[in-house]
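Beneath this line is the structure, given in structure tokens, with notes to follow.
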Amino acid sequence: MRTAMYYNNRDVRLEEVPTPTIGPGELLVKIMASGICGSDVMEWYRLHKAPLILGHEIAGEVVAVGAGVKNFALGDRVVATHHVPCFTCHYCRRGHETVCETLLSGTHFDPGGFCEYVRLPAINVERGTWKIPAHLDYDSATFVEPLACILRGQRTARLTPGDSVLVLGSGLAGLLHVSLAKATGAGLIGATDMSPFRLAAAERFGAAATFKADQDVPTLFKERNEGRGADLVIVCTSAKPAFEQAFAAVAKGGTILFFAPTLAGVTLPISINEIFWRRDVTFATTYAGSPADCVTALELIAHSRVPVAAMISHRLGLAEAGLGFKLTAGAEESLKVIIRPQE
């Protein structure tokens, strides 16, 4: 079968690999759409594993069913997550499914979403695969996993209706944060970016105030928010200045959600007295999404609560995957790139 083999962000090659064979409890899925995630283009995180086949935001059709599978049949349209927990360990029992060792170590697709067919391991079939509603297209269904990550982040940060929100970075993750915050009743929503194209997108998806990221964002946001900082600041970019802006822009009693990682090796100085003692600021972190988050995300997408289809800027065939990676890694005028491996 054909696959897009990743060597680096500028070198993605169309290559042939064997089509996976499945065993008991497993599914073989014909990939109809697969989204390029921002984490796919984090070279510091990927290069030491290259060459490899990436792609974890998938939707497709079941074309083979392993012995013992009860809930799926040939022809079913499905979406799946590559991350599933054990549900029984200490971390799962405390609600931290996304740091479960089972989730982190071995529940990945074979070989990856940027190819024509994927084998879903039995644990993923059992705990992380869902049928796509008849009215929902494959492209939109690929947003289930990324939106699940957004949901988990905002729940961890305890966003409540009426809270003011400032999203630093208006790439795809930032836009999903803006859109979900609007859908769940946030008050003033602000967003930053260096790209006018992405700032305009942030406005379309619910940001009432947008700022160039190199401006005095904390001051400008406070001017729009009755002199107060943001109740919730969400960092959606790896740029170090954004983390520094977050410290200055958060309101007293507010929360900073670190959604994006920094580049490798970056450290940040923090005034403990100023941030924690005098201003009572909470730091929140998040990683991935649980199966329950995926179910909620699928419901929100299916009922058009988050307009994910409007966030797709490019739809490309498998042979154009290299262009898709370049667009995701660096081009200003792109939001979400969907790869369609059957084209």
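The values are calculated or read from the model by the stated rules, or taken from the named source; none is laboratory data. Not measured: the values here are computed from a predicted model. When we count neighbours, we look across all protein chains shown, and the Cβ atoms used for this are built from the backbone with ideal geometry, even at glycine.
Only one of the numbered conditions (1) under 22 Å from Ile53 (Cα atoms); (2) in a loop (DSSP other than H, G, I, E, B); (3) out of contact with any Gly (no Cβ under 6 Å at 6 or more places or on another chain) is violated by Glu343, and that is (3). Here segment 57-112 is the region considered, the condition is being of a type in the set (Val, Ile, Thr) and in a loop (DSSP other than H, G, I, E, B), and the residue that is farthest from Arg2 (Cα to Cα) is Thr88. State yes or no: is His56 at negative phi and touching a helix residue (DSSP H, G or I) at 6+ places or on another chain (Cβ under 9 Å)? Criteria met by His56.
Can you find, within segment 276-292, the residue that is surrounded by the fewest Cβ atoms within 10 Å (Cβ to Cβ) among those that are of a type in the set (Phe, Trp, Tyr) and free of Cβ contacts under 8 Å to residues at least 60 places away in the same chain?
At the first step, the residues of segment 276-292 found to be of a type in the set (Phe, Trp, Tyr) are 276-277, 283, 287.
From the residues that got through so far, the ones that are free of Cβ contacts under 8 Å to residues at least 60 places away in the same chain too are 276-277, 283.
Working: Phe276: 13, Trp277: 10, Phe283: 15.
Among those residues, the one meeting the criterion is Trp277.
Consider segment 293-312. How many of its residues are free of Cβ contacts under 8 Å to residues at least 40 places away in the same chain and in a helix (DSSP H, G or I)?
Pass one, segment 293-312, residues free of Cβ contacts under 8 Å to residues at least 40 places away in the same chain: 299, 303-304.
Now restrict to residues that are in a helix (DSSP H, G or I): 299.
Summing the residues that are free of Cβ contacts under 8 Å to residues at least 40 places away in the same chain and in a helix (DSSP H, G or I) in segment 293-312 gives 1.
Checking segment 104-119 against the condition returns no match, with no residue being surrounded by fewer than 14 Cβ atoms within 10 Å (Cβ to Cβ), of a type in the set (A, V, I, L, M, F, W, C), in the same structural domain as Ser34 (by TED's automatic domain parsing) and in contact with a Gly (Cβ under 9 Å, 6 or more places away or on another chain). Every condition in (1) surrounded by 15 or more Cβ atoms within 10 Å (Cβ to Cβ); (2) touching a residue at least 60 places away in the same chain (Cβ under 8 Å) is met by Leu263 except one, and the failing one is (1). Would you confirm, using the coordinates I've provided, whether Glu61 is more than 15 Å from Leu28 (Cβ to Cβ) and assigned by TED's automatic domain parsing to the domain that holds Ala141? For Glu61, the condition - more than 15 Å from Leu28 (Cβ to Cβ) and assigned by TED's automatic domain parsing to the domain that holds Ala141 - is not met. Please verify whether segment 139-155 includes one or more residues that are among the polar types (S, T, N, Q), out of contact with any helix residue (DSSP H, G or I) (no Cβ under 6 Å at 6 or more places or on another chain) and under 30 Å from Val63 (Cα atoms). Checked segment 139-155: at least one residue is among the polar types (S, T, N, Q), out of contact with any helix residue (DSSP H, G or I) (no Cβ under 6 Å at 6 or more places or on another chain) and under 30 Å from Val63 (Cα atoms).
Kindly list, by first and then second residue, each pair from a residue in segment 77-96 that is within 15 Å of Thr129 (Cβ to Cβ) and of a type in the set (D, E, K, R) to a residue that is outside any loop (DSSP other than H, G, I, E, B) and at pLDDT 95 or above, limited to pairs with Cβ atoms under 9 Å and residues at least 6 apart or on different chains. Once the first residue is within 15 Å of Thr129 (Cβ to Cβ) and of a type in the set (D, E, K, R) and sits in segment 77-96, its partners that are outside any loop (DSSP other than H, G, I, E, B) and at pLDDT 95 or above give Arg77/Met32; Arg77/Ala59; Arg77/Gly60; Arg77/Glu61; Arg77/Val62; Arg77/Lys131; Arg77/Tyr138; Arg77/Ala141.
Listed conditions (1) part of a strand (DSSP E or B); (2) in contact with a Ser or Thr (Cβ under 9 Å, 6 or more places away or on another chain) are all met by Arg315, apart from (2). Scoring Ala50 on the criteria (1) surrounded by fewer than 17 Cβ atoms within 10 Å (Cβ to Cβ); (2) farther than 21 Å from Leu316 by Cβ leaves a single failure, condition (2). Taken over segment 258-296, the residue count meeting the criterion of being under 20 Å from Asp40 (Cα atoms) and aliphatic (A, V, I, L, M) is 5.
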